[in-house]
Each structure stands twice: as C-alpha cells, then as structure tokens.
1. For the condition among the hydrophobic types (A, V, I, L, M, F, W, C), more than 13 Å from the ligand (Cβ to nearest atom) and either open to solvent by less than 70 Å² (accessible area, probe 1.4 Å) or not assigned by TED's automatic domain parsing to the domain that holds LYS14 (or both), what is the one hit in ALA129, ALA115?
2. What number of residues in region 163-183 are over 14 Å from the mean Cα position of the chain (by Cα) and open to solvent by 70 Å² or more (accessible area, probe 1.4 Å)?
3. From the set of residues in region 3-29 that are part of a strand (DSSP E or B) and crowded, with 17+ Cβ neighbours inside 10 Å, which is nearest to the ligand (Cβ to nearest atom)?
4. Given the criterion open to solvent by less than 70 Å² (accessible area, probe 1.4 Å), assigned by TED's automatic domain parsing to the domain that holds GLU192 and without any contact (Cβ under 8 Å) to a residue 12 or more places away in the chain, identify the matching residue among ALA278, ALA266.
5. Can you give me the ranges of the strands (runs of 3 or more DSSP E) entirely in region 30-102 with at least 1 residues that are near the ligand (Cβ under 9 Å from one of its atoms) and under 29 Å from TYR172 (Cα atoms)?
6. Which one of these is touching a helix residue (DSSP H, G or I) at 6+ places or on another chain (Cβ under 8 Å), open to solvent by less than 10 Å² (accessible area, probe 1.4 Å) and within 15 Å of CYS114 (Cβ to Cβ): ALA92, ALA42?
7. Can you pull out every residue in region 116-136 that is of a type in the set (A, V, I, L, M, F, W, C) and assigned to a helix (DSSP H, G or I)?
8. Among GLU263, GLU219, GLU215, GLU275, which is the only one that is over 31 Å from the mean Cα position of the chain (by Cα) and either over 17 Å from ALA190 (Cα atoms) or part of a helix (DSSP H, G or I) (or both)?
Amino acid sequence: MKTLNIVGAGRLGKVIARLARNSGRYRVAGICNRSPESAAAAVAFVGEGRACASLSALPAADMWLLAVPDAAIGRVAAELAMQARVAPGALAFHASGACEAALLGPLARRGLRCASLHPAFSFADAERAVATFAGTRCALEGEADACVELESLARDIGGLPFRLAPGGKPAYHAALCVASNYLLALTALAQELACAGGVEQALPLIGALMRQTLENALEIGPQAALTGPIARGDVQTVARHLAVMPSPMARATYLALGRATLEMAAPGLAPDDLERLAAELAPGADA
Ligand SMILES: NC(=O)c1ccc[n+]([C@@H]2O[C@H](COP(=O)([O-])OP(=O)(O)OC[C@H]3O[C@@H](n4cnc5c(N)ncnc54)[C@H](OP(=O)(O)O)[C@@H]3O)[C@@H](O)[C@H]2O)c1
C-alpha cells in the first residue's frame, strides 16, 4: 500500500485523499494546510492521516500531492524540497489545469518524479464530489514514469486518465474554460435577450433548446448540428437581431460568435450570402 501526503487539503485535496483512501490502495499519512484547524478538519473528512502544522512535521511518503492554489504551487514546492523527509524517488504532483508539472522544478531537482493530474471536475461540495467523481476524465502530464503511476491513481479513485502532449496544458485548460464558463456567459446572454423580448419564463425556454442543441452537437458534431439564420444565409434576420441588442456587450458578443458561426457555416453557403453575412457581422459593426 502506498502512502500519500497532502499539502493543501482544500476543495480538491481532501476529496482526492478520501477517494484514494476508499480505494484501499493508499494510506493517507499526513495533511498540511495553512491553518492547523483546517488540516484537522480535512483529516476528519478523509478519515485517516495526521494533521501537521508545518511542512517539516509531515511524515515520509511515497506520493506528495500539492493541492494548494495555483499561485502557491511553486513556492510550496520550493519549501517542500528543503524538508528532510522528502525522499528522492518519491512522486510529487499537483492538480492545476493550466500549469505544467515544471512548476514542481525544485522537487524534480531534489530527485522526485514530478507530474500533474487535473480532474476535469468541479469540487464545489466535498461530499457530493466524493459521491459523483467516478467517470471523471483526468489529464496527466509530466515525467513519463510519474504519469504511469498517476494513471493507476486516477483509475483507483474512479477517474478516466488520459495524457496531454507537452505544452498542451494552456490550450487544454482554455477548452474547459470555454466549455464551462463561457457556456454560462452564453446562457446569461440568451436569458437577457429573451427577457428583452418579453418572455417571462426565459430559462426553461432557452434551456430546452440548449439541451437539444448540445445533444445534437455531441452526437453528430457541431458543424452538422448547426441550423438557424447564419446557416441559411439569412442576412435580414441577422440584421433584425442586431437592431435589438440590449447593450454594447450583447452586441459585441453576438457579432463575435456570429463570425465564429459563419466560419462553420461557410462551406454550405452561396458566395453572395457569405459575403453579405461577413459584412453584417464584421468587427467594425460592433461600434
Ligand atoms: N476546486 C476545483 O474544482 C478544482 C478542480 C480541478 C483542479 N483544481 C486545482 O486544485 C488545486 C487546489 O484548488 P482548490 O480549489 O482545492 O483550492 P482551495 O479549496 O482554496 O484549497 C487550497 C488549500 O491549500 C491550502 N494552502 C494554501 N497555501 C498553503 C501553504 N502555503 N501551505 C499549505 N497549505 C496551503 C489551504 O489551506 P487552508 O485550508 O488552511 O486555507 C487549502 O486547504 C489548484 O491547483 C486548482 O487549480 C481545483
């Protein structure tokens, strides 16, 4: 059984620790947070381990998870590399989606094998996260041998591991941000427009269409799922939409996404329609 230390058992760290413990393949040895009270609460949640007031109080371990906020990973890695119980050959990993394993440089120089494991999952509520984590895709990147070991950890906690190409992390994380955060911005814009049109139950109206569209896109691909005025080359309807945009931000977003939609629709459009739509949706039109 492998021993696992957690530095930063917050939203993500304590859930990964409990899932690892539940798998029966890992023993959580030590947990260190900024405050001893928070570390003690994490130990209680995990059901195993020792709350440590400082990095120097952590016991030796086979695996070290640095689940502190992204901005603190480099600093904590440097501090940890100075601790006597951190042994060469052990595995160190962080869980950032945007940053690479290179952030753990001080630990790599100390002889640890370093990688990152990013679950594409929101750890908003700890109990719920434990109950629903199974099937989560986990992106791995870093030293080859460390990735093999993290592949096992990911599977042991119910995840579906996959490898990211070197240098791919910023674009990978941008994809998740667009898919999740920007979807919410899009939902808010559609809601605002429906309300501007006098619709009282805006969310059920746009929600049903959004679900159907997403299902189509996932099933047959975004390009084949595209319908609507741009796909039909209907420039008058686009002009009517632009005339009722409730704010400069709504107009700018409509134009930018309209151009992206036009690029998808272009192969199926007549050259004249394509030209007229491109002019209607041109960046200068959002002034
Ligand atoms: N949350 C998510 O949904 C999610 C999803 C995927 C990936 N991630 C990644 O997971 C990592 C952690 O994010 P999180 O949301 O779990 O953060 P979080 O809830 O803010 O937890 C961070 C933890 O780090 C501890 N900490 C901060 N600085 C420390 C230091 N110098 N020494 C020891 N402990 C320290 C904090 O201690 P205190 O409790 O004492 O303040 C806290 O327990 C990040 O890399 C993030 O990108 C998060």
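1. Answer to the check: ALA115.
2. So the count comes out to 2.
3. Result: VAL7.
4. The match here is ALA266.
5. Output list reads 63-66, 91-94.
6. ALA92
7. ALA126, ALA129, VAL130, ALA131
8. Of the residues listed, the single one that is over 31 Å from the mean Cα position of the chain (by Cα) and either over 17 Å from ALA190 (Cα atoms) or part of a helix (DSSP H, G or I) (or both) is GLU275.
The values are calculated or read from the model by the stated rules, or taken from the named source; none is laboratory data. None of the values given here were measured: they were computed from a predicted structure. Quick reminder, even Gly has a Cβ in these numbers, built from the backbone with ideal geometry, and neighbours come from all protein chains shown. Heads up: the accessible areas ignore ligands, DNA and RNA and are worked out on the full protein's heavy atoms, side chains in. Shrake-Rupley method; radii C 1.70, N 1.55, O 1.52, S 1.80 Å.
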